[in-house]
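Read the structure below first, then the notes.
Just so it is clear, none of the values below were taken in a lab; they were calculated from the coordinates. These numbers come from a predicted model, not from an experiment.
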Amino acid sequence: MMISWLQNGIKDSLKTHIKRQMKLLPESARTTQAFLKIAKDEQELQ
């Protein structure tokens, strides 16, 4: 899956937070765009 590939470029400290946020989304909403938005938001928080 593309999201797994994108996770390779994310800092380890952000991965857990992003995975939790992605699990809250319905399966159909778990897109690369959603992943990138969540990753960006989490990065800004840290």
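Tell me the mean residue ellipticity at 222 nm calculated for the chain from its helices only (DSSP H runs of n ≥ 4, each -39500 (n - 2.57), averaged over every residue, nearest 500).
On the way: 3 runs with 33 residues, N = 46.
Per the formula, -21500 deg cm²/dmol.
Helix 12-24: angle to the longest alpha-carbon principal axis of the chain, degrees 0 to 90, nearest 10?
Approximately 30 degrees, to the nearest ten.
Please report, in whole Å, how far the alpha carbons of the chain spread along each principal axis, starting with the longest.
Here the spans come out as 28, 19, 15 Å, largest first.
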